[in-house]
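The values are calculated or read from the model by the stated rules, or taken from the named source; none is laboratory data. For clarity, every value in this text was computed on a predicted model and none was experimentally measured. Quick reminder, even Gly has a Cβ in these numbers, built from the backbone with ideal geometry, and neighbours come from all protein chains shown. To get the accessible areas, we keep the full protein, side chains included, count just its heavy atoms, and leave off ligands, DNA and RNA. Shrake-Rupley method; radii C 1.70, N 1.55, O 1.52, S 1.80 Å.
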Amino acid sequence: MHVSLHHYLFVSFMLFSLGLLGVIMRRNLLVIYMSLELMLNAANLALVSFSRFNNKLDGQVLVFFIITVAAAEVAVGLALIVALFRKRQSAHVEDLTSMKL
Amino acid sequence: MEAINNLISGGVVQDIMFYVFAALTLLCAILVVANPFSRSPVTSAMFLVLTIISMSGLFLLLHAFFLAAVQILVYAGAVMVLFLFVIMLLDLKEEQRRKIKFFGLAAGLVSVSIVAGIFIKSLASIKLTAEPALEGETYVLGKLLFTQYTLPFEIISILLLVAMVGVILLSKKKLE
Amino acid sequence: MKYENLPWLILFLPLLSVAVITLFTLRSKTVSSLISIGAVVTGFVMTLLFINANGFQFSGETSANWLSIGGLQIDFGLKLDALSMMMLLVVTGVGGAIHIYSFGYMHDDESMARFFAFLSLFTFSMLGIVLANNFLMMFIFWELVGVSSYLLIGFWFEKPSAGDAAKKAFVTNRLGDFGFLFGILMVWGLLGSLSFSALQTTLAANPALLGASATLAGLLIFCGAMGKSAQFPLHVWLPDAMEGPTPVSALIHAATMVAAGVYMLCRTLFLFNSESLHLISYIGGFTALLAALMAVQQNDIKRIIAYSTLSQLGYMVMTVGLNGPTPAMFHLTTHAFFKALLFLSAGSVIVGMHHEQDIWQMGNLRKKMPITFLTFTIGTLALCGVPPFSGFYSKDAILTQALAQKSYLLFGVGVFVAALTTFYTFRLFFIVFFGKEKSKAASHAHESPLVMTLPLIALAVFSFAGGFIGITNNYGSQFVNHHEALSMAQQFTEPFNNLFPMACGLGAVAVGLFLAYSLYNNAAADPLPTKLGGLATLMKNKFYFDEFYEATFIRAHDFLAAVADWLDRWILEGAIIGAIRGGTDLSGRALRLAQTGNLQTYAFLFVLGVALLLYFVLGK
């Protein structure tokens, strides 16, 4: 069977689901962050394959932007985690429930 | 050279390579999220690097050569170094195994099934007629980036600057 | 119309004076009072100028478009004819005299500036009623008069009784105004216009237009007059209104405001059919009788005059009801003169007695206060209807009218009330000015200053001469088309054309005078209670009307208020608002459970939200 768009999209979907599972189920903030990166990459993969199979380069431009934004996001997010760790001595989501009164 | 090119563009080899890279990507991703052997964030980080590298293989198969390079440079290089650096900085102890909460499991499964539902629904509506023809040449991509997408490009660079400033501010020990 | 702008000036000068006093000169008593006096005196001069230029037979309107709501066009317009011009003269003339008098009377009061601001506000509102050319405008000024009366009765609001009296007057007036408003709405609904002249034309062309509801509409409109002119059963506020300063009692509760009801009836006489007029005349007659009986046993100098005012107002309303607007307005005008005179003289007595109002504390004041005694005598003679004082002419006109309408019962009532009037007025007169001094204050009484006695003298002149200077001529031209003007000499001898009513009137005066003289000359205490027994107690207690209202209407009202309070407290506040509040509280508590503070719960909910969004975006 020839590899088509569907195959790529299925990989992207699996990657996205794994990332989602990680975000919802893991408790370590850093791992949650990595799972987020997985989800972003899943989106990138879908965009690149759309770009290839639709004969348009714009999708790749978007991926380029996403990678840049992701880099910035990682930098800020990690800085936040560091600041949080300094204050709470923990990187576990269960310890960060100050939103609840 | 001619032979290799033919090999790559030829159908069977390419298909095989897709399956290999796809399997590698997914396997490493599973190990990032749920590693049965280690709970250390460092392992997760290392497997994330592997996931990203195998993904860039998929990008190559999709003829997105520039992006494949960027993926390795930015993600596997810069971003992952940052992750490891932070892990080292925080001096995290090995996370002990905890019982998986029923609520967490249920929530995860519900979410995934929802995403799956949407996925199937949208796949059904995709109609592809054209054969894949696009060549992701760096020259063309660069031209597009600096003509049609100049404004977003500039905005993105400002975003990076803002992120930089923000990170410095956040990482300072005390704000005075 | 010559000097078309003058009426506007006359109307708005007092308003301007209110604005200037309240905004700028509240600190200076003298400047404020001079501004107020200036406004009303200028108005009087302008009225004279206007009448001189246009003549009394003149009739015209000047108006500006004011409101236009759908098909309803309402003008802010002034109606000028004999009726309103005469009233203009009364309001600005008598009002001016009272303003000047107040300058002396209120001189020691801290808030004299406020007093004059209120007085100007009242003048403005009263002029508005007089000049209004449509019902809506009249109603608005009608209410304004009510407000200024409230403010003036309660002028000494530190006294609880003054505050209560002000509230009583206001609320009682509101009761009447409620009916008035309904009447106006009814007239508008049936005839489609609010302008007096348009209404008159419409009704003249098709008298059956009001149909079966004519009586009801008339009576509802009469409700307004019932409140303002204090007719039975809404008469209870007027005696209490004497809590206000005496000039107020003179201006508002004797000369002008209470006359507004009578004026309004005359203005809108074309709306009333014979049935409603019939009822009106009986209500008027009954009020006249009732109030005269009450006056017999009162001991407060102002209250006696107040009941006399009630009684005279009953006369006027009765006369309007007897289809005699001319005598009614005639009596209104002369009454304005002599009643204002009586009140101001009483005020002068009160000031001379250092604010003692009980007549049994006075006595022999004719020696101490000669000018006041003189003016009071003139006022008394005019009120009783002794020829040739003005009251004689107007009262005679009323009796003649009653006889001409073949309403013998009301004629009898009129004669009897005339006798009673003479009796109680001379009772007051003998007790206060003759006999011995009954207290120390009476022995040390002194005459009032010139600023107070001058207006007294001016009013005394009019009270004397008002009857034969042609007032009837002017009113007559308003209501009777082919009225022939009488010369002053004819006017003077007019009552002698109908000897029977005149003889009855004079006989009543003689009887009343004789009884008062025999009972009260040199009396040290009231001999009447022993002679009349229970009847005197009834009179003294005003036939227990206040108590009766207290026991019935006020009880009922309190009960209704309690029910409303209960409904508000338990049903509205307790059940409905409580349920809403409880529901909000409960749902808030329930929703709070969703806020776990756990990041991953939020992530999960976020996924659910995105899924829902995509479900709609991608199509079901």
Range of Cα positions in the stretch B:1-93 per principal axis (Å), largest first: 52, 27, 16
Sites A:Gln89 and C:Thr584, calculated FRET efficiency, Cβ-Cβ separation with R0 30 Å, nearest 0.05: 0.15
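From Cα pairs below 8 angstrom and at least 6 apart in sequence, can you work out the relative contact order of the stretch B:1-93, rounded to a whole percent? It would help to have the intermediate numbers written out before the result.
Details: 64 pairs, mean separation 23.5, N = 93.
Dividing the mean separation by the residue count of the stretch B:1-93 yields 25 percent.
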Spatially proximal aspartates and glutamates relative to C:Lys79 (Cα-Cα < 14 Å; intrachain offsets below 8 disregarded): C:Glu4, C:Glu61
Helix C:29-54 axis, angle to chain C major axis (alpha carbon atoms, nearest 10°): 70 degrees
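Could you calculate, for the stretch C:290-391, the ratio of the Cα radius of gyration to the Kirkwood radius, expressed as Rg to Rh? Please list the in-between numbers first.
Working: Rg = 14.5 Å, Rh = 14.3 Å.
Ratio of gyration radius to Kirkwood radius for the stretch C:290-391: 1.01.
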Descending Cα extents along the principal axes, chain C, whole Å: 106, 62, 50
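Give me the percent of the accessible area of the protein assembly as shown that comes from carbon and sulfur atoms, probe 1.4 Å, all protein chains in place. Please list the in-between numbers first.
Values: 27860 of 39700 Å².
About 70 percent, which is the carbon plus sulfur part of the accessible surface.
Among C:Lys167/C:Lys531; C:Lys436/C:Lys531; C:Lys167/C:Lys395, which pairs are too far apart, with a Cα-Cα distance over 31 Å?
Numbers: C:Lys167/C:Lys531 37 Å; C:Lys436/C:Lys531 23 Å; C:Lys167/C:Lys395 33 Å.
Check vs 31 Å cut-off fails for C:Lys167/C:Lys531; C:Lys167/C:Lys395.
To the nearest 100 Å², how much accessible surface do chains B and A hide from each other in total, with a 1.4 Å probe?
Numbers: alone 14720 and 7700 Å², together 15350 Å².
For chain B against chain A, roughly 7100 Å² becomes buried.
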Chain C: relative contact order as a whole-number percent, Cα under 8 Å and 6+ apart: 12 percent
Principal-axis tilt of helix C:301-321 within chain C, Cα atoms, nearest 10 degrees: 80 degrees
Gaussian network model of chain A, springs between alpha carbon atoms under 10 Å - residue of A:Val61, A:Val23, A:Val48 with greatest fluctuation: A:Val61
Solvent exposure of the protein assembly as shown as accessible area per residue, Å², 1.4 Å probe: 44 Å²
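Round to the nearest 0.05 the FRET efficiency obtained for C:Tyr517 and C:Trp360 when R0 = 22 Å and r is the Cβ-Cβ distance. Please list the in-between numbers first.
Details: r = 18 Å, r/R0 = 0.81.
That gives a FRET efficiency of 0.75.
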Selection from A:Val82, A:Leu36, A:Ile67, by position along the positive dipole direction of chain A (Cβ): A:Val82
3J(HN,Hα) from dihedral phi, the stretch C:202-213, Karplus parametrisation 6.51/-1.76/1.60, rounded to Hz, x for glycine, proline: 4, 5, 5, 6, 9, x, 7, 5, 6, x, 5, 8
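Averaged over B:145-154, how many beta carbons belonging to a partner chain fall within 10 Å of each residue's beta carbon? Mind dumping the intermediate values first?
Working: counts 5, 0, 0, 3, 5, 0, 0, 5, 4, 0.
Per-residue shielding by partner chains comes out at 2.
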Highest-MSF residue in chain A out of A:Leu40, A:Leu15, A:Leu78 [GNM, Cα springs under 10 Å]: A:Leu78
Ellipsoid semi-axes in whole angstrom, largest first, where each is sqrt(5λ) of the Cα gyration tensor of the protein assembly as shown: 103, 31, 26
Stokes-Einstein D (µm²/s) once Rh is taken as the Kirkwood radius of the stretch C:358-403 over alpha-carbon pairs, at 20 °C in 1.002 mPa s: 177 µm²/s
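In Å², rounded to the nearest 100, what is the total accessible surface buried by chains B and C against each other with a 1.4 Å probe? Display every interim value, and only then the final one.
On the way: alone 14720 and 25720 Å², together 39800 Å².
By this definition, chains B and C bury close to 600 Å².
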0 to 90° range, to nearest 10: angle between helix C:274-296 axis and chain C longest Cα axis: 70 degrees
For C:Trp66, distant residues with modelled amide H under 5 Å away: C:Ile74, C:Asp75, C:Phe76
Expected 222 nm ellipticity per residue - DSSP helices of 4 or more, -39500 (n - 2.57), all of chain C, to 500: -23000 deg cm²/dmol
Dimensionless Rg/Rh of chain A - Kirkwood Rh, Rg from C-alpha atoms: 1.11
When the convex hull of its Cα atoms is projected in every direction, mean area for the stretch C:165-254 (nm²): 6.5 nm²
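Can you give me the relative contact order of the stretch A:5-95 as a percent, contacts being Cα pairs under 8 Å and 6 or more apart?
On the way: 80 pairs, mean separation 26.9, N = 91.
About 30 percent, as a whole number.
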nm² value of the averaged projected area, convex hull over the Cα atoms of the stretch C:1-159: 10.0 nm²
